[in-house]
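Colleague: Please see the structure below; I have some questions.
The values are calculated or read from the model by the stated rules, or taken from the named source; none is laboratory data. As the structure is a computational prediction, the values presented were derived from the model and not from experiment. Don't worry about glycine lacking a Cβ; one is built from the backbone with ideal geometry, like all the others, and counts go over all protein chains shown. Ligands, DNA and RNA are stripped out before the accessible areas are found, and what is left, the full protein with its side chains, is counted by its heavy atoms. Shrake-Rupley method; radii C 1.70, N 1.55, O 1.52, S 1.80 Å.
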Amino acid sequence: MRHEQIETNSGLMLLLILVVISIGGLVEIVPLFYINETVEQVEGVRPYTPLEQRGRDIYVREGCYLCHSQQIRPFRDEWQRYGHYSLAAESQYDHPFQWGSKRTGPDLARLGGKYSNQWHVQHLKAPRSVVPQSIMPNYPWLLETDLDYSDVAERMRALRATGVPYSVTQQEYDANVKKFGQAVADQLDINQARDSLLRQAREKDFDGIPGRITEMEALVAYLQVLGTMVDFTRYDEGFFTTFR
Amino acid sequence: MSDNTPNAQQKSGAVQTTGHAWDGDLQEYNNPLPRWWLWCFYGTVAFSVLYWFIYPSWPVGQTWLKGFHTVSYTTVDKAGQEQEREHRWNTRALLLGDLGDAARDPQRKAMLAKVEAASYDQIVKDPKMMEFVRSVGKGLFGDNCAACHGRGGQGVVGMYPNLTDDDWLWGGSMDKIHETLVQGRNGFMPAFGQVLKPDQLDDVAEYVLTLSNEAQPGEASERGKAIFHGQTGGCYYCHGADAKGVPSQGAANLTDKIWAIADVPTQKTLQDKKAVLKTFIASGVNNTRVMPAWKGRLKDDDIKLLAVYVHQLGGAK
């Protein structure tokens with residue numbers, strides 16, 4: 001009987017197990033490389049600026065994703081509370097993405113612009129001073145620690161390797177100017193990374209401490225851009241259904 | 001049942017084995033699955049085939065099988081025309097259908113149209129409309145405003161204004177509240193730390209405290225008064241000659257006991273009260289008292305509902 005041949009030949013059994021398991025993987029994963037109709041054709045989505053990207057690193061470092069998702073589902077209750085459902089296109093430059101199904105705190109996908117910088121600083125430092133019923137931990141060190149931006153160019157280079165269009169060559173820079181406009185392209189240029197980080201921090205002063213660039217500065221810069229890149233008033237209500 | 005031991009069953013041939021023996025006599029039973037279980041299993045297989053045709057399923061090249069199931073929904077285009085549309089089944093189309101149903105709910109639609117058409121005075125005088133405003137407004141306020149102003153609109157002293165009293169930095173009429181919601185606000189006060197000398201700062205703080213009877217008028221407050229109303233300080237430009245504030249500038253009323261920025265009430269001694277006031281006079285207020293703009297984030301009729309809701313929180317003017 002064949003059964004016996006397989007069971008008594010561990011090499012053959014190993015091979016057959018691999019074949020069977022990989023069918024499941026191949027069917028689920030391979031089509032994702034070919035299906036290109038699901039990413040919405042929207043304007044405005046750009047990679048993060050150096051300062052925002054450092055803020056994102058801190059977001060990941062502090063484990064914010066353990067309690068907060070960044071993925072608004074297409075349900076009425078979520079629509080009413082958080083705003084427009086998240087698009088695939090909106091996390092195209094996220095590595096790793098911050099979707100998720102664990103919501104101890106609210107979803108943050110459209111947090112940008114909802115509250116003032118001052119609120120974010122106060123809320124991160126001592127959440128219960130503004131929201132008494134909150135169970136979020138305090139993050140006071142964000143305001144005390146200066147931001148380490150010495151390696152920001154290297155971090156951008158690593159993301160570039162995954163496909164984020166941060167530019168190194170003149171050609172890549174020109175392509176970014178064409179795609180995102182001059183101002184954004186400057187921010188995405190790795191050669192100017194430090195300067196544009198410092199410029200954005202100085203101009204916007206997210207942490208409310210002029211002259212200092214704290215980790216809070218970067219994190220608030222990141223939080224304030226979340227979900228703000230796509231202008232949904234430009235699209236018809238039914239437009240996004242055509243991508244599903 | 002005495003024959004139910006493995007050996008007996010095996011010998012009688014009642015149960016099949018897989019047909020091979022290990023270590024001479026170690027064998028494995030090949031028990032057939034119960035019939036009912038097997039048919040359920042076949043049923044799920046048949047169902048899945050049906051499912052492939054109804055809902056989106058298999059990937060095919062660059063696209064996928066979209067399924068025959070459709071959702072119909074109504075959209076409103078930019079010209080305001082309602083359009084009946086049909087789309088293949090997906091959660092986004094379902095949401096549009098759901099939102100459309102909610103918007104078309106006769107009671108809600110009628111009420112919303114009524115509130116939209118009514119003037120603020122009419123809304124306040126109509127108990128039915130106010131009931132609607134309170135129930136919808138509570139949810140909107142909780143989702144969008146409560147993070148700063150608190151669930152009940154009580155605010156946080158020194159950071160976010162209390163919305164339940166009748167003291168308004170930017171004006172407390174419904175029109176003004178509506179304007180605040182639509183365009184946001186950015187409170188500003190110049191820093192006087194460089195302009196005024198330390199003892200002058202002290203005098204101005206003392207004078208300001210006399211305005212709300214926190215301090216007794218005296219020599220120092222007279223000197224402060226001169227600075228406040230003179231060219232040196234020029235505080236009256238924004239706070240007004242009567243120091244009752246100028247809502248168009250977002251300047252606070254200094255004559256009442258309500259403190260929106262400096263946390264004076266919790267300070268025990270006059271010195272502490274002056275100290276906390278002086279820090280704000282010296283460093284001013286710049287980009288730290290920001291109310292975000294809600295136009296674009298919230299729908300226009302939601303903003304109107306919120307304006308009425310905030311207005312009726314208690315401090316209606």
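Colleague: Note down, for chain B, the three equivalent ellipsoid semi-axes (square root of 5 times each alpha carbon gyration tensor eigenvalue), biggest first, whole angstrom. Don't skip to the end; give the middle numbers.
Modeller: Details: eigenvalues 1030, 194, 67 Å².
With the √(5λ) rule applied to chain B, the semi-axes are 72, 31, 18 Å.
Colleague: Taking chain A, how much of its Cα-Cα pair set, in percent, is spaced more than 26 angstrom apart?
Modeller: Cα-Cα pairs in chain A separated by more than 26 Å: 50 percent.
Colleague: Based on the Cα coordinates of the stretch B:121-210, what is the per residue volume of their convex hull in Å³?
Modeller: Working: hull volume 12.4 nm³, N = 90.
Measuring per residue, one finds 138 Å³ for the Cα hull of the stretch B:121-210.
Colleague: Hey, which aspartates and glutamates would be in cross-link range of B:Lys274, C-alpha to C-alpha under 15 Å, not counting anything within fewer than 8 residues on its own chain?
Modeller: Result set, ordered by chain and number: B:Asp199, B:Asp202, B:Asp203, B:Glu206, B:Glu214, B:Asp263.
Colleague: What residues have an amide H closer than 5 Å to that of A:Ser167, excluding those fewer than 5 places away on the same chain, when H is modeled at 1.01 Å from N in the peptide plane?
Modeller: The list, which skips near neighbours in sequence, is A:Asp189, A:Ile190.
Colleague: Additional query: Shielding by partners for B:92-103, please: the mean number of other protein chain Cβ atoms within 10 Å of each residue's Cβ.
Modeller: Numbers: counts 11, 6, 4, 9, 6, 1, 5, 5, 1, 1, 3, 0.
Counting other chains' Cβ atoms within 10 Å and averaging over B:92-103 gives 4.
Colleague: Sticking with this structure for a sec: Place the peptides B:60-71, A:142-153 in order of packing, highest mean first, counting for every residue the other Cβ atoms within 10 Å and averaging per peptide. Before the final figure, lay out the partial values.
Modeller: Numbers: B:60-71: 13.3, A:142-153: 15.6.
Highest to lowest by the protection proxy: A:142-153, B:60-71.
Colleague: Right, here's the next one. If amide H atoms are built 1.01 Å from N in the plane of the peptide, which residues on other chains or at least 5 residues away come under 5 Å of the amide H of A:Ile213?
Modeller: Correct list: A:Leu147.
Colleague: How do the peptides B:119-130, B:156-167 rank, highest first, by the average count of neighbouring beta carbon atoms within 10 Å per residue? List each step's numbers first, then the result.
Modeller: On the way: B:119-130: 13.8, B:156-167: 18.9.
Going by the mean number of other Cβ atoms within 10 Å, highest first, we get B:156-167, B:119-130.
Colleague: Something else now. If you roll a 1.4 angstrom probe over the protein chains with everything in place, what fraction of the accessible area of the stretch B:206-277 belongs to carbon and sulfur, to the nearest %? Intermediate results must be reported in sequence, preceding the final value.
Modeller: Values: 1970 of 3710 Å².
Carbon with sulfur: 53 percent of the solvent-accessible area.
Colleague: Give me a single rounded figure for A:100-113: the average over its residues of other chain Cβ atoms within 10 Å of their Cβ. Mind dumping the intermediate values first?
Modeller: Details: counts 0, 0, 0, 0, 0, 0, 2, 0, 0, 0, 1, 0, 1, 6.
For this peptide, the per-residue mean of nearby foreign Cβ atoms is 1.
Colleague: OK, next. Please average, across the residues of A:235-243, the number of beta carbons from any other chain that are within 10 Å of each residue's own beta carbon, and give a whole number. Let's see the in-between values first.
Modeller: On the way: counts 0, 5, 12, 10, 2, 5, 13, 5, 2.
Taking the mean over all residues of the peptide, I get 6.
Colleague: Moving to a separate point now. Return the sequence-ordered ³J(HN,Hα) values of the stretch A:11-16 in whole Hz as given by the Karplus equation 6.51 cos²θ - 1.76 cosθ + 1.60 applied to θ = phi - 60°, using x for Gly and Pro.
Modeller: Result, rounded to whole Hz: x, 5, 5, 4, 4, 5.
Colleague: Summed for both chains, how many Å² of accessible area, to the nearest 100, are buried between B and A with a 1.4 Å probe? Provide the component values of the computation, followed by the final result.
Modeller: Values: alone 20490 and 14630 Å², together 31170 Å².
Result for this pair: about 3900 Å² buried.
Colleague: Shifting gears a bit: Do the sum for chain A: with -39,500 (n - 2.57) for every DSSP H run of n ≥ 4, divided by all residues, what is the mean residue ellipticity at 222 nm, to the nearest 500 deg cm²/dmol?
Modeller: Working: 11 runs with 112 residues, N = 244.
The helix contribution divided over chain A gives -13500 deg cm²/dmol.
Colleague: Could you order the peptides B:194-207, A:10-23, A:31-44 from most to least packed, using the average number of other C-beta atoms within 10 Å per residue? Display every interim value, and only then the final one.
Modeller: Numbers: B:194-207: 18.7, A:10-23: 10.4, A:31-44: 13.2.
Ranked from most to least packed, the peptides come out as B:194-207, A:31-44, A:10-23.
Colleague: Over 28 Å between Cα atoms, which of A:Lys125/B:Lys197; B:Lys66/B:Lys299; A:Lys125/B:Lys176; B:Lys176/B:Lys273; A:Lys204/B:Lys295; A:Lys114/B:Lys66 qualify?
Modeller: Numbers: A:Lys125/B:Lys197 33 Å; B:Lys66/B:Lys299 33 Å; A:Lys125/B:Lys176 32 Å; B:Lys176/B:Lys273 31 Å; A:Lys204/B:Lys295 22 Å; A:Lys114/B:Lys66 37 Å.
Going by Cα-Cα distance, A:Lys125/B:Lys197; B:Lys66/B:Lys299; A:Lys125/B:Lys176; B:Lys176/B:Lys273; A:Lys114/B:Lys66 fall outside the 28 Å limit.
Colleague: To continue, here is another question. Report, in deg cm²/dmol and to the nearest 500, the calculated mean residue ellipticity at 222 nm for chain B, where each DSSP H run with n ≥ 4 adds -39500 (n - 2.57) and the sum is divided by the residue count.
Modeller: Details: 13 runs with 146 residues, N = 317.
About -14000 deg cm²/dmol.
Colleague: For B:Thr17, list long-range residues whose amide hydrogen, built 1.01 Å from N in the peptide plane, is under 5 Å from its own amide hydrogen.
Modeller: Excluding prolines and chain starts, which carry no amide H, the hits are B:Asn30.
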